[in-house]
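What follows is a short report on a single structure.
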Amino acid sequence: MSAARAVVATGAAALVLAAAPWLLSDFLLSLTVACLMYAGLAVSWAMFSGPTHYLSLATAAFFGLGAYVTAWGVATLPWALCVAGGGLVAAVFAALVGAAVLHLRGAYFAVLTFGLGELVRHAITYFEKSYFRTVGRVLTKTPDATTVYLTVLGVAAAAVAVAAVVRASRLGLALRGIGGDEERAQTLGVSTRRMKIAGFALSAFFAGAMGAAVAVRWTYIDPPAVFNPFIGLQTVLIAMVGGAATLGGPLASAVVFSLFTEFLRLRFPYAFLLVLGTLLIVLVLYLPGGLASLVERRRPAAAAGGAARGAGGPTRG
Amino acid sequence: MADVLLAARGVSVRFGGLIAVDGVDLEVSERELIGIIGPNGAGKTTLFHTLSGLVRPTAGRLSVRGRDLTGRPPHVFAAHGVARTFQTPRVFREMTAEANVRFGLEFAGRRRAHPHDAFDDARSILAFLGLAEVASVPAGALTPARQRLLEIGMAFGARPDVLLLDEVAAGLTERELETTAQLIRRVRDELGVAVVWIEHAVRALMGVVERVLVLHQGRKIADGSPALVARDRAVTEAYLGGEEPPA
């Protein structure tokens, strides 16, 4: 699908979904918010980590930072500014951290980004304790549920649209090259450092904006709640299960997963993490390209098969 | 005298206690076709790594068209017209052959004008290399011989003035070797690109290049025309392990 068509389709879907607050019950609406939240998070995560294969576990850090921007500003700032500010703070933070750690790869990068969430969590806890003598904040003046829903929808739709544009852009090509062979990409003229920082910050923007948008759903905010590593891990899980290299994979997987998680949590409140964990292991072992690879494998196989045979055939030399 | 495109002066690379490249001087002028030979571990590839910015020399300076690029990252070398291939093909396996070539065109090659038509788009580069028919095949599905050619195509995408070829003929049959040698000649003659070619297959290389550099234990031990170098005593000793060459 071309980028323009994907953007138009996203806009159309967002318009349809915008009617939900007037059609759905409160329960279904909050379920939809959960779907949209994970859709936005998973798509923005896959925007950077999908093509580059840099496994970032920093989603919780960006999300929590965004949530705290709302916690600090919701009473005084306009709502839109809170959400945009949450995104910007996360993006700036990602750019600064990225400049320091994006030369690391593989497990080192994953562990470091995971530690980042913990670092920010403790930093904010300390900051709140020493300057405001508080461990958490009660949000009193918050926008109504419809506004929150529409904001989450807007952030998620923007994440999908931007992801589609990035895929078709030079940034997207550079990120794929970095994932394929970083040094080779460098020798072909890619400033890999700059591209990685740009991709990482862009991806963080949406995680931060999402954190800022959904923070008001909790009336009480404290660091353990918003820097919850589970949110980050679930995001990675969703994107990988769906197929991080695709746009539709994480999107579809976010919807299925949110519904599935909700169902498990209601029916099997104690066993549901066990089931999720097992599912992850099975999928990583047997379907590393995600569910999207099942669909993709079938499609181009017929088309490329003939050409690939020609390549290995007697025309060699 | 023609313009010096790429110059290395007193370049050394030290890995811990090991000296991989030891004070090598090299000047590549416009449209030159230079070969670099030497026994295993002579420092040929490490020298290429410094010439393309992948390894920062421990000592010495590197310049492209008189501009000092010592210590700059690889993409800067590429942007200044130095492109390279790798000994083991490092193609983007999941992208098509055409996308592999387009990659260089989108980055290093984007702001570099080149007078030759063959550098205009990915298709014409693939056609020049005889890869037109596999343009839409994922690079990972190509034969090793074709991946080597595609490596050259990727480097062309960067629209280089100097092309560094690292053992592009390794593992080829006698006939393929001949074709590759001719291709390298055509790159210089038809496209006007200066070429520095590292090769193990000394004979094929000597028949094509105009100047040969011989490296031994990181040092440059000879630099001259193939005929001259072949008679050089230090070179024979390096290759025969220090024995007197038969009279």
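Bear in mind these aren't lab numbers, they're just calculated from the coordinates by the rules spelled out. Just so you know, these numbers come straight off a predicted model, no measurement behind them. Here the Cβ positions follow ideal geometry from the backbone for every residue, glycine too, while neighbour counts run over all protein chains shown.
Inverting the pair-averaged 1/r between distinct Cα atoms of the protein assembly as shown gives 26.3 Å as its Kirkwood hydrodynamic radius.
Extending 7 Å from the Cα toward the beta-carbon at both B:Arg185 and B:Asp121 defines two label points whose distance is 3.2 nm. Exposure here means at most 14 other Cβ atoms within 10 Å; with trypsin sites (Lys or Arg not before Pro) in a DSSP loop as sites, the longest stretch of chain A lacking them is A:142-315.
Going from the residue with the fewest nearby Cβ atoms within 10 Å to the one with the most, A:Thr70, A:Thr59 rank A:Thr70, A:Thr59.
Residues considered: B:Val76, B:Val195, B:Val64. Largest GNM mean-square fluctuation over chain B, using C-alpha springs under 10 Å, is found at B:Val76. In plain terms, chain B is cut at each of the trypsin sites (Lys or Arg not before Pro) found in a DSSP loop with at most 14 other Cβ atoms within 10 Å, and the longest leftover piece is B:112-230. Taking the C-alpha atoms only, the angle from helix A:106-132 to the longest principal axis of chain A is near 10 degrees.
Among A:Ser49, A:Ser203, A:Ser293, the largest mean-square fluctuation in a Gaussian network model of chain A (Cα springs under 10 Å) belongs to A:Ser293. Counting other Cβ atoms within 10 Å as a rough exposure proxy, the listed residues B:Met95, A:Met240, A:Met210 run B:Met95, A:Met240, A:Met210 from fewest neighbours to most. As a calculated quantity, the FRET efficiency between A:Lys129 and B:Ala113 at R0 = 41 Å, using C-beta atoms, amounts to about 0.10. Over chain A, dividing the summed -39,500 (n - 2.57) contributions of all DSSP H runs of at least 4 residues by the number of residues returns a 222 nm mean residue ellipticity of -27000 deg cm²/dmol. Beta bridges from DSSP with both residues in chain B: antiparallel share about 55 percent, rounded to the nearest 5. Bridging of B:Lys220 to aspartates and glutamates at a Cα separation below 15 Å is possible for B:Asp22, B:Asp25, B:Glu27, B:Asp232, B:Glu237, once same-chain residues fewer than 8 apart are set aside. Averaging 1/r over every pair of different alpha carbons in segment A:3-227 and inverting the result gives a Kirkwood radius of 18.0 Å. For segment B:55-147, applying the loop criterion from DSSP together with a ceiling of 11 other beta carbons within 10 Å to the GluC sites (Glu not before Pro) yields no site. Taking the Cα atoms only, what angle lies between the long axis of helix A:59-73 and the longest principal axis of chain A, rounded to 10 degrees? Helix A:59-73 sits at roughly 30 degrees to that axis.
Remark: C-alpha extents of chain B on the principal axes read 54, 40, 38 Å, sorted largest to smallest.
If I fit a long axis through the Cα atoms of helix B:144-157 and take the longest principal axis of the Cα atoms of chain B, what angle between them do I get, 0 to 90°, rounded to 10? With both axes taken from Cα atoms, the answer is about 80 degrees.
FRET efficiency for the pair A:Val284 and B:Arg231, taken as 1/(1 + (r/R0)^6) with r the Cβ-Cβ distance and R0 = 51 Å, rounds to 0.25.
By the rule of a C-alpha distance below 17 Å, with chain neighbours fewer than 8 residues away ignored, the aspartates and glutamates paired with A:Lys141 are A:Asp222.
Only bridges whose two residues both fall in the protein assembly as shown count here: according to DSSP, what percent of them are antiparallel, nearest 5?
Details: 23 of 39 bridges.
Antiparallel bridges make up about 60 percent of those DSSP assigns within the protein assembly as shown.
Separation of segment A:239-267 and segment B:52-103, taken as the distance between their Cα centroids, equals 41 angstrom.
Could you line up A:Ser25, A:Ser258 from fewest to most neighbouring Cβ atoms inside 10 Å? Write out the running numbers ahead of the final one.
Values: A:Ser25 8, A:Ser258 22.
Result, fewest neighbours first: A:Ser25, A:Ser258.
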